[in-house]
Structures are given as structure tokens and as C-alpha cells.
1. Could you name the lysines in cross-link range of K246, using Cα to Cα under 19 Å and dropping any fewer than eight places away on the same chain?
2. How large is the accessible surface of W230 in square angstrom, using a 1.4 angstrom probe and rounding to the nearest 10?
3. Kindly flag which residue pairs out of K422/K489; K154/K388; K106/K221; K154/K389; K388/K431 have an alpha-carbon separation exceeding 27 Å in this structure.
4. Pulled fully out, how much extra length does the chain show between R239 and E392, if you take 0.36 nm times their separation in residues and subtract their Cα-Cα distance?
5. Would you kindly state how much longer the chain becomes between E542 and S116 on full extension, computed as 0.36 nm times their sequence separation minus their alpha carbon distance, in nm to one decimal?
6. Tell me the accessible surface of Y486 in square angstrom (1.4 angstrom probe, heavy atoms of protein chains only), to the nearest ten.
7. Collect residues whose amide H, placed 1.01 Å from N in the peptide plane, falls under 5 Å from the amide H of S424; neighbours closer than 5 in sequence don't count.
8. I want to make sure I understand the PRE zone here: with the label point 7 angstrom from the Cα of Q467 toward its beta carbon, which residues in the range 487-515 have backbone N atoms less than 15 Å away?
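The values are calculated or read from the model by the stated rules, or taken from the named source; none is laboratory data. Computed from a predicted model, the values in this text were never measured in an experiment. Note that each Cβ is placed from the backbone with ideal geometry, even for glycine, and that neighbours are counted across all protein chains shown. Protein only, heavy atoms only, side chains kept; ligands, DNA and RNA dropped before computing areas. Shrake-Rupley method; radii C 1.70, N 1.55, O 1.52, S 1.80 Å.
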Amino acid sequence: MAQNNMYNLVTLIKRLEVATTRLEDIASSTIELPQAVPALTQPTASPPEPADGARALLPASSSASPAAPAAASPAATPEDPLPESVEEFDNFITRSVDKYVKASDKLGGVIAEQASKVFDGFKQQRRFLLISTKARKPDISVTADMSVYQELLKPINEALMAVGSIKESNRGSPVFTQLSAVAEGIMVLAWVTVDNKPFKHVEESLGSAQFFGNRVLSEYKEKNPEQVQWIQSFYQIFRDLTEYVKQYFPNGIPWNPKGESAAEVAKTISTSGAAAPPPPPPPPPPGALAPAAGGAPPPPPPPPPFVIPPAADAAPGPSAFGAVFDEINRGGDVTKGLRKVDKSQMTHKNPSLRAGSTVSDHDPSTRGKSAPGKKPKPESMRVKKPPKKELEGNKWMIENYEKHNEPIEIEVSMSQSVLISKCSHTTIILKGKANAVTIENTQRLSLVVDSLVSTVDIVKSTNFALQVLGQLPTVMLDQVDGAQIYLSKESSSTRIFSSKSSSINVNVIKGDDDDYVEIPLPYQICSQFDEEKGEMVNEIVEHAG
């Protein structure tokens, strides 16, 4: 009995040696063994021990069959190495963004939640950069390419909106200043859309973040050092990103002129930024060896390709086309078979034929007239949209604020303009020197500006108040009912244009006491034709009482 067990052990060792030799042969004939022979990476059941004296060699067909699927399956292509710019961006995320996220996790709460959205934004930006190294730049003047470009930026934009939404939903939080600093600085992700010196956009975003971030520094400098380390780690993201953009993208993202279309490349890269998994290997041929006992059954063969049966009444190709060209080559003889139409049968020369036409006659008096348009809904019945305050390019958009308790303060620059729309019972303060301000459809809006390059344009507003602290060249009023304008000494020469407006009062500083003097603007004019001058004479109507 012991001799039989020893014999079985020797037999099993020799069979394992034969199997090892075959595996080495397969490995030398393929590029990547795990992908070429996926079954080798999975544990298999041990072969059953043969009975006594049942040691027999496998037939040649059986020994060659395991290598057949490996030889038939295509060799897996090695994954392309990452471009240097993407590798360095990964280092930037690991070095700077992760440090900020860890500092946020120490503080916890909504600060950590907002930091996770910031991390998602940079992760999606990494995917955008990877796509740009493999794809051609979409032509945004073409509608199809513009939609592709917007789809590429959509994950980044969703991260931006998520960061801002966390700030807006926690206005009463004690860490609202911290949330505001991050929300103001997250616009740094838009540097990928800037073609000329995008690092300047990164630097400007740092300035926006410092407006609230410096408050955190001054407030927690002596109280909580973790808050100071947190805001410093957030600032470091901008500094490191500025150096990265200067080094790899000083004039914007170059894309790949010889690459594929962005839509095709985006399909191969998942939203997490990694390459999409390769397709599964093809099924083994029908003559492949059946799996060993205990293994999974082979996949079924693919269905036969769908073939559209040819039409039964299809005309023969060459002869039909030949007949057509023969008719064309006949020249003037082609029209010999046409019948000439008599004048009595022509509808444009015989009105009686037009009378019996089946085409319905239209009333000529209604030609060019359209149905009356629907009247717009009153403001009280319209759906209220959420408040909005964001910088779109070089324009600040402030909309839908109603009975806002605290003044809305915005830092502006000379290259930026401001649009204020559909706000009521709200005070807005513009710090700095902006280009221009446009106000429309507001009620009881108060605006305080330092200085402007051009104009303040107010349209369709009631009970409006404007205070100028510096210089203002022009104020334009259109359909304004009730306005108080306070001008500083520097802006006393401001020109005011008004149309369809009433109850406009201008307050100017007069005298040594620096007191305001209220001066009403005329809005009632008397016009009369002067026969001697041959023109209309307009006079301001004054009421004395």
C-alpha cells in the first residue's frame, strides 16, 4: 500500500513538471501572459489521482488544445504611458490638494464636505487634461463640437456648482467665512478654458479667495492654529497650480492636432480619469478543450451575423443604369414624347380653371396678420428663481435677491461689468473701479459704487437709490419711477440722461458744510412750433405754488 502511494506521488510530480513546461512555452509566445491566458490567473482544481497502473500519456491533440485559445486570442497591447503634464498634475494633487483635504477632514463638518467636492473638481480636471493630450481641440463654432466641449466641461462645472451650493445652504453657519473663501476660489478650475496666459486666471482666483480667507487668518490667528493651517493649505493650491500652469500650459491647452476626435477619446476614459477597461477576450473556438472537472463551462458561441435578405424585385444594376444614360445621350430626342399643353389648359392664363382648384382660398385681408400674442404673467404669478451671484467671464451676474438682510459686497476691477436684475429691497456695494453697471426690473434697490469707467444704466426700475463715492461719468435712466441719486464732489459734473422717467431727485454737495442739496429733474416738457424759427421749441414746465 505504501509503495502504491509513493508511485502516485511520483506520477503527480512528473505531470506537474510537464504542465510547467507547457506554461513556459505559452509565456514565451505571448506578450502578456495574464491577459493572453486569463484562466492561468485563476485557481484550478487539482487533477484527480490516476488509478494504479493507469499512467498513460495524453494524446497529441489533447496536449496541444490548451495552447490553442492562447494562440488564437490577440495579444493585449500595453497601456500608453501617461504624458508628463498629466503625471505632474497627479503629483500636484497628491502634494497640494490632498494636504488641503486632510486639513479639512481635521476640522470636519461642512468644511470637509466642501473639500471633497473641491477634490472631485481637480480629479475631473485631470481627466480633461488627459483627453486633451489625445484628442483634437473641438471647434466651438460648430454646434456638434460645441456640445462635445460642453460635455467635457460638465463634470468640472458640476463640482463648481456643488462647492457653491454648500456655501449658499449654510449661510447661518459659524464657518460661513471659510465656506465663502473656498467658494470664491473654486473658479480657479476654469483656467482650462483660458487660451492666453491661464496662470493669470489662477492668480486672480487666489485674490478672490483671499478676500474671505484673510478674515479667517485674522480671526483665528491666536485662537485656533488648525484654522490657520487649513487656509494656508488652501492658498498653497493656487501657488503650486500657478507654477504648474506656467511650466506646461503658458499659452493655454494645446490639445493634440494629430489626435482623434474628443468625443471618441472621451469614451475610452472613464469619468474617474482612468482608461476604460479593455473589451473581454473573444470566446474560444468550437474545437477547444472542454474545461476540467469543477471549472466553469465555456461561453456559448456568438450568434450568427444578421444579414438583410436582398429584395426579390430588385432590378439588375448595370443594365438599368445603362438605359438611363442611353436616354440622356439622345439629346433633343428626349423631349419628342412630351405633349404640348394648350393655352386653354394653363391655369395662369385661364381664371376659370383656378376657380375649380382644390386649393383652399385665403382671405387676402388676413395675409400677414398673426394671432395676438399672450400677455406676460404678472410678477406675483411667476416662479421665483433662486438668488444668483457669480462671475461669468468678465461680467458679474446678480439676480433674484429679495429682501436680503445684509448688504451684498463685491470686489470689482476695471475689466469687469455688473448686471443687476430682478432684485428688490436689497443693498449692493461695489468695491473698486468697475467698467459699467446695468440695472433692470428692480424695486427699492440701493446701490453704492466707488468709481466707474463709463455708465450706470437703469431700466424699468422703481424707487431706486444710487450713491457715488468716487467718480462717475454718466447716468442713464429709462422708464424709472422714483430715484434718489447722491453724487460726491468728484462726480458733481456727472451727466444724467433720462427718458420716460419721473420723480428723479439728484443730491449734490454744495457749500462749505458738505451738506447735500436736493435738486429735482424735470420730466414735464411743453413743446410749441415757432413760425419765425421754423422749428419746435421745447420748454421745461415749472410749477410754482
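1. Output for K246: K197, K200.
2. W230 exposes around 0 Å² with every protein chain in place.
3. With Cα atoms farther than 27 Å apart: K422/K489.
4. Residue separation times 0.36 nm, minus the Cα-Cα distance, leaves 52.8 nm.
5. Extending this stretch completely gives an extra 146.8 nm.
6. 80
7. Under 5 Å from the amide H of S424: Y401, E402, K403, Q443.
8. Backbone N within reach: 487-489, 507-509, 515.
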